[in-house]
Amino acid sequence: MCGIVAAASQSNIISILADGLKHLEYRGYDSSGIAFIQNKNISSYKKQGNVSELTQSLDKKLNANIGIAHTRWATHGKPSKENAHPHISNNNIAIVHNGIIENHLEIKNKFFKDLTCSSETDSEILAHLINFYRKENEIFEAVYLALKEVKGSYAIAVLDKKNPEKIIVARNGSPLLIGLGEKINFIASDAQALIEHTNKFVYLEDGDLATVTAEEVKIYNKDKESIRRETKKSKLSLNSNSKNGYKHYMLKEIFEQPEAVRATIQDRIINNSVPKEILGPNAKEYLSKFKVVQIIACGTSYHAALVAKHWLERLAGIPCHAEIASEFRYRRHAVQKDTLLICISQSGETADTLSALREIKEEDFYVGTIAVCNVPESSLARECDSTLITHAGPEIGVASTKAFTTQLAALMLLVIVLGKRFEITAELENSLCMQLKSLPEKIKSTLDLDNKVAELAKIFSDKEHALFLGRGSHFPIAREGALKLKEISYIHAESYAAGELKHGPLAIVDENMPVIAVAPNNVVLEKLKSNLEEVKARGGKLYIFADKKAGFKNDDISQVFEIDAPMNPVSPILFTIPLQLLAYHCAIIKGTNVDMPRNLAKSVTVE
Ligand code: F6R
């Protein structure tokens, strides 16, 4: 959700910024821009559209030692050249900003009543405010004073014409890191932008400000006291940013799932048991105390939460609530004493999830917090008592795929650990571990459905609507299938618990409404079959993803896709795969931008 990259060097940084933007494009791709200091002046280039629009327009001869760049996901103001960052005040100050300045109108009324802004953004006003304070202060102080006026979230990088050697940066609620090099230092919202140049990063914390030159980085806390932050070595590699021969990141990430799931479970299952040590030293405190689990997450991660709720209640007998973070945050809950909070997030920077976590930490009823997260250095991973990292590797496609299945694998490990004090016996633990270990091979065989699903997509691609059905722990999988389809193919898709069909949605079923069913061979199979008969009776076309032994047959109304997903708790992970492939192939036929679907961005760092 918007990307920042910046550098201060003794040599030319233009191509570094351009390449960095390319790596950050998955965070936002409505417009992009770059500003740098050349011959004691600030110059800037901005373009609407994706980053290549900008990079192709840059003069190859540009040469600057210091600059800031940004790729935008619009919040305030439509995607346009005017609204693209950097925002420049009076040719003195240029800023790039991620986050939202919530009181931008108040600031405008207080300081710049008569000013006509050149953009519709909340960010421009911050550039003017820094320029205002700059008149009587040196630049660091000006940024500090300006930020004191700001309510909201920000990660910013600021250029000052009068200080052509330094960039001022600050963070509050939006991620920002400093990359360390030789005679060059970098700034980015995400390590992936810089991994070509360095693997040494300093992660700023909320309230931090810093000055960055080619030779030196100085960090200060919110009270302007000089502080040290640890330098961390990233394990990211350049390879993780490549498509590895696949046409799209999403397809590569779908096919990486066997290995990603293997990486997530391996070393965490020892002799068919999951040691509680996977949760780290802080777990001791809450593992013996908690009585109830509350899970919060957004989007696809919320679907993982819904599956985990089923598992916790069914396998372990642990009462569990799962809620969308943006809803959870803004309502009063009747929290039970000794509740354990689990936050699920691929990025670990989702604003809604983080804000909910921060509020909860103020309350006494929670005994501990666990992050299930894919980014070890993220805010969520740092702020929870324990972190269970999913080893999906970087996920670049905006639509989440391998992050979801690895979340589910990690959540099953967590269910086993949490359940030992409840109803998970050694025998059940043994069986769940065996199921987890069989997953990589089973996912591989499920991926063999690719060609068949690609054929099916031809039927879907001219449809405007689709209905996904499932029951129990497979209802969240139907939801995830519908989300994937609408996200990247723009086909309107809804999901329902199959038993709910007759309570309303059946009214929209006719021969033009494809109905996709997720049909494991489990205790509600017969109920699901009855629900599907209701669809058939209304002329609906059925596409059933079914376990081999579920007993479905092709006929002139239903087409069956068999999956080897025996009746066991981990089967939701397997049923996810063909639904991801279906969304992918529909998007390909429709010619949409699979990796960067319209209006969306990865890592939603605004509320
Ligand atoms: C959908 C998708 C989003 C994210 C959601 C939460 O494919 O990717 O729905 O799941 O924005 O993001 P994280 O998991 O990073 O908190």
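On the Cα set of the chain, report Rg and Dmax in Å, please.
Every Cα atom of the chain included, Rg and Dmax give 25.3, 79 Å.
Expressed as a whole number of Å, what is the distance separating the alpha-carbon centroids of the stretch 1-29 and the stretch 123-165?
For the stretch 123-165 versus the stretch 1-29, the Cα centre distance is 21 Å.
With a sphere of radius 13 Å drawn around the Cβ of Tyr302, what net charge do the other residues whose Cβ falls strictly inside it have (Lys, Arg +1; Asp, Glu -1)? Kindly include the intermediate steps, with their values, before the conclusion.
Details: positive: Lys309, Arg479; negative: Glu323, Glu327, Asp352, Glu480.
Counting the neighbours of Tyr302, the net charge comes to -2.
My understanding is that a pair violates if its Cα-Cα distance is over 31 Å; which of Lys442/Lys602; Lys243/Lys284; Lys235/Lys444; Lys183/Lys247; Lys243/Lys458; Lys81/Lys110 do that in this structure? Please report the intermediate quantities before stating the final value.
Working: Lys442/Lys602 28 Å; Lys243/Lys284 41 Å; Lys235/Lys444 26 Å; Lys183/Lys247 37 Å; Lys243/Lys458 25 Å; Lys81/Lys110 27 Å.
From Lys442/Lys602; Lys243/Lys284; Lys235/Lys444; Lys183/Lys247; Lys243/Lys458; Lys81/Lys110, over 31 Å: Lys243/Lys284; Lys183/Lys247.
For the stretch 287-292, take each phi angle, set θ = phi - 60°, evaluate the Karplus expression 6.51 cos²θ - 1.76 cosθ + 1.60, and give the result in whole Hz per residue in order, putting x for glycine and proline.
4, 8, 10, 5, 10, 9
Would you pull out the residues with amide H under 5 Å of Gly152's amide H, same chain only if 5 or more places away, H placed 1.01 Å from N?
Here Glu102 satisfy the definition.
Have a look at Ile491, Ile424, Leu58 and report the one farthest towards the positive end of the charge dipole of the chain, computed about the Cα centre with Cβ charges (Lys/Arg +1, Asp/Glu -1).
Leu58
Largest first and to the nearest Å, give the Cα extent of the stretch 448-607 along each principal axis.
Computed over the Cα atoms, the extents are 42, 35, 33 Å.
With an 8 Å Cα cut-off and a minimum separation of 6 or more residues, compute the relative contact order for the chain in percent.
Values: 1398 pairs, mean separation 72.3, N = 607.
It comes to 12 percent, rounded to a whole number.
Sum up the charges of everything whose Cβ sits under 11 Å from the Cβ of Glu441, counting Lys and Arg as +1 and Asp and Glu as -1, but leave Glu441 out. All intermediate terms of the calculation are to be shown ahead of the outcome.
Numbers: positive: Arg262, Lys437, Lys442, Lys444; negative: Asp564.
With Lys, Arg at +1 and Asp, Glu at -1, the neighbours total +3.
Arranged from highest to lowest average of other beta-carbon atoms within 10 Å per residue, in what order do the peptides 329-339, 144-154 appear? Working shown, then result.
Details: 329-339: 12.5, 144-154: 18.5.
Order by mean packing, descending: 144-154, 329-339.
What's the Kirkwood radius of the stretch 3-240 in Å, using all Cα pairs? Write down the numbers at each step before the final one.
Working: mean 1/r = 0.0577 Å⁻¹.
It works out to 17.3 Å.
With charges set only on the Cβ (+1 for Lys and Arg, -1 for Asp and Glu), what does the dipole of the stretch 448-607 come to about its Cα centre, in debye to the nearest 20? Intermediate values should be presented prior to the final figure.
Details: 19 positive and 21 negative charges, 24 e Å.
That gives the stretch 448-607 a dipole magnitude of about 120 debye.
Tell me, what is the 1.4 Å probe accessible area of Met513, in Å² to the nearest 10?
Spelled out: Met513, probe radius 1.4 Å, area about 20 Å².
Taking amide H positions as placed 1.01 Å from N in the peptide plane, with prolines and chain starts having none, which residues 5 or more places from Gln38, or on another chain, fall under 5 Å of its amide H?
Ser43
Compute the accessible area per residue over the stretch 3-240, keeping the other protein chains in place, probe 1.4 Å, unit Å².
Details: 9970 Å² over 238 residues.
For the stretch 3-240, the per-residue accessible area is 42 Å².
Net charge near Ser489: determine it from the other residues with C-beta under 15 Å of the C-beta of Ser489, scoring Lys and Arg +1 and Asp and Glu -1. List each step's numbers first, then the result.
Working: positive: Lys458, Lys463, Lys484, Lys486, Lys590, Arg598; negative: Asp462, Glu464, Glu480, Glu487, Glu494, Asp595.
Every neighbour counted, the sum reads 0.
Could you compute the FRET efficiency for Lys78 and Ile227, with r as their C-beta to C-beta distance and R0 at 35 Å, rounded to 0.05?
0.35
For Gln559, list long-range residues whose amide hydrogen, built 1.01 Å from N in the peptide plane, is under 5 Å from its own amide hydrogen.
Leu542, Tyr543, Ile544
The stretch 453-560: which trypsin sites (Lys or Arg not before Pro) are DSSP loop and have at most 10 other beta-carbon atoms within 10 angstrom?
Details: sites: Lys458, Lys463, Arg471, Arg479, Lys484, Lys486, Lys502, Lys527, Lys529, Lys536, Arg538, Lys541, Lys548, Lys549, Lys553; in loops: Lys463, Arg471, Arg538, Lys553.
Of the trypsin sites (Lys or Arg not before Pro), the ones in loops of the stretch 453-560 whose Cβ has at most 10 other Cβ atoms within 10 Å are Lys553.
Sorting Glu25, Glu102 by accessible area (1.4 Å probe), largest first, what list results?
Working: Glu25 10, Glu102 130 Å².
Final ranking, largest accessible area leading: Glu102, Glu25.
Could you tell me how far the Cα centroid of the stretch 460-487 sits from the Cα centroid of the stretch 551-602, in Å?
Computed from Cα coordinates, the inter-centre distance equals 8 Å.
If each residue of separation counts as 0.36 nm, what is the full-extension length gain between Ile459 and Asp510 once their alpha-carbon separation is subtracted? Mind showing how you got there, number by number?
Working: separation 51, 0.36 × 51 = 18.36 nm, distance 1.52 nm.
Stretched fully, the Ile459-Asp510 segment lengthens by 16.8 nm.
Expressed as a rounded percentage, what relative contact order does the stretch 79-211 have, with Cα pairs under 8 Å and six or more residues apart? Walk me through the numbers on the way to the answer.
Details: 238 pairs, mean separation 29.6, N = 133.
Value for the stretch 79-211: 22 percent.
At what distance in nm do the modelled label points of Lys40 and Ser431 sit from each other, each positioned 7 Å from its Cα along Cα→Cβ?
Those two pseudo-labels are separated by 7.9 nm.
Taking the simple approach of a point 7 Å from Cα along Cα-to-Cβ for both Arg314 and Glu196, what is their distance in nm?
Going by the 7 Å Cα→Cβ label model, 4.7 nm.
Please label the shape of the stretch 147-214 as rounded, prolate or oblate, based on the square roots a ≥ b ≥ c of the eigenvalues of the alpha-carbon gyration tensor (a/c under 1.5 means rounded; beyond that, a/b larger than b/c means prolate, else oblate).
On the way: a/c = 2.49, a/b = 1.27, b/c = 1.96.
It comes out oblate by the Cα gyration axes.
Could you grab the relative contact order for the stretch 306-409? Cα pairs under 8 Å, six or more apart, rounded to a whole percent. Don't skip to the answer; put the middle values down first.
Details: 140 pairs, mean separation 23.0, N = 104.
Reported relative contact order: 22 percent.
Work out from phi, with θ = phi - 60° and the Karplus expression 6.51 cos²θ - 1.76 cosθ + 1.60, the ³J(HN,Hα) of each residue of the stretch 341-355, listed in order in whole Hz, and give x for Gly and Pro.
Along the stretch 341-355, the couplings run 9, 10, 10, 10, 7, 4, 6, x, 10, 5, 4, 4, 5, 5, 5 Hz.
Whenever you get a sec, compute what percent of the accessible area on the stretch 370-526 sits on carbon and sulfur atoms (1.4 Å probe). It would help to have the intermediate numbers written out before the result.
Values: 2710 of 5340 Å².
Summing carbon and sulfur atoms, their accessible area is 51 percent of the total for the stretch 370-526.
From the helices alone, meaning DSSP H stretches of at least four residues, give me the mean residue ellipticity at 222 nm for the chain, per-run term -39500 (n - 2.57), in deg cm²/dmol to the nearest 500. Numbers along the way, then the final one.
Working: 18 runs with 205 residues, N = 607.
Theoretical 222 nm ellipticity from helices: -10500 deg cm²/dmol.
Dipole magnitude of the chain about its Cα centre, charges +1 at Lys/Arg Cβ and -1 at Asp/Glu Cβ only, in debye to the nearest 20? Show your work: numbers first, answer last.
On the way: 74 positive and 74 negative charges, 81 e Å.
Charge dipole, the chain, about its Cα centre: 380 debye, nearest 20.
Which percent of the accessible heavy-atom area of the stretch 559-603 goes to carbon and sulfur, probe 1.4 angstrom? Could the numbers behind the result be given before it?
Working: 670 of 1350 Å².
Carbon and sulfur: 49 percent of the exposed surface of the stretch 559-603.
Within the accessible area of the stretch 44-139, what % is carbon and sulfur when the probe is 1.4 Å and the other protein chains stay in place?
On the way: 2000 of 4490 Å².
Roughly 45 percent, rounded to a whole number.
Among His303, Tyr330, Pro319, whose Cα sits farthest toward the positive end of the charge dipole of the stretch 295-341 (+1 at Cβ of Lys/Arg, -1 at Cβ of Asp/Glu, about the Cα centre)?
Positive-most Cα among the choices belongs to Tyr330.
How do 109-120, 44-55 rank on mean C-beta neighbours within 10 Å, highest first?
On the way: 109-120: 11.7, 44-55: 19.4.
Most protected by this proxy first, the peptides run 44-55, 109-120.
Using the Karplus curve 6.51 cos²θ - 1.76 cosθ + 1.60 with θ = phi - 60°, what ³J(HN,Hα) values do you get for each residue of the stretch 80-94, in whole Hz, with x for Gly and Pro?
Rounded to whole hertz, the list is 6, 4, 4, 7, 5, 8, x, 9, 10, 10, 6, 6, 9, 10, 10.
Just the accessible area per residue of the stretch 448-607, please: how many Å² with a 1.4 Å probe? Walk me through the numbers on the way to the answer.
Numbers: 6370 Å² over 160 residues.
Each residue of the stretch 448-607 exposes 40 Å² on average to a 1.4 Å probe.
According to a simple spin-label model (label point 7 Å from Cα along Cα-to-Cβ), what is the distance in nm between Tyr246 and Asp59?
Going from the Asp59 label point to the Tyr246 one covers 4.1 nm.
To the nearest 10 degrees, how steep is helix 571-590 against the longest Cα principal axis of the chain, on a 0 to 90 scale?
Helix 571-590 sits roughly 60 degrees off the main axis of the chain.
Rounding to the nearest 20 debye, state how big the charge dipole of the stretch 340-397 is about its Cα centre with +1 on each Lys and Arg Cβ and -1 on each Asp and Glu Cβ.
In debye, rounded to 20, the stretch 340-397 gives about 160.
Round to the nearest 0.05 the FRET efficiency obtained for Arg332 and Glu102 when R0 = 25 Å and r is the Cβ-Cβ distance. Could you put the intermediate results ahead of the total?
Numbers: r = 22 Å, r/R0 = 0.89.
For R0 = 25 Å, the calculated efficiency reads 0.65.
How would you rank 161-171, 199-209, 349-359, 568-578, highest first, on the average number of other Cβ atoms within 10 Å across their residues? Present the calculation step by step, with values, prior to reporting the outcome.
Details: 161-171: 20.7, 199-209: 18.8, 349-359: 22.5, 568-578: 24.2.
Descending packing order for the listed peptides: 568-578, 349-359, 161-171, 199-209.
Just name one of Asn39, Asn185, Ile101: the one whose Cα is farthest towards the positive end of the charge dipole of the chain (beta-carbon charges, Lys/Arg +1, Asp/Glu -1).
It is Asn39.
Taking 0.36 nm per residue of sequence separation and subtracting the Cα-Cα distance, how much length would be gained by fully extending the chain between Arg598 and Glu205, in nm to one decimal? Walk me through the numbers before you get to the answer.
Working: separation 393, 0.36 × 393 = 141.48 nm, distance 3.12 nm.
Here the segment from Arg598 to Glu205 would lengthen by 138.4 nm.
The values are calculated or read from the model by the stated rules, or taken from the named source; none is laboratory data. The structure presented is a predicted model; accordingly, all values stated were derived computationally and were not measured. All Cβ positions, even for glycine, are placed from backbone atoms using ideal geometry, and neighbour counts span all protein chains on display. Quick note on the areas: whole protein, heavy atoms, side chains included, nothing else; ligands and nucleic acids left out. Shrake-Rupley method; radii C 1.70, N 1.55, O 1.52, S 1.80 Å.
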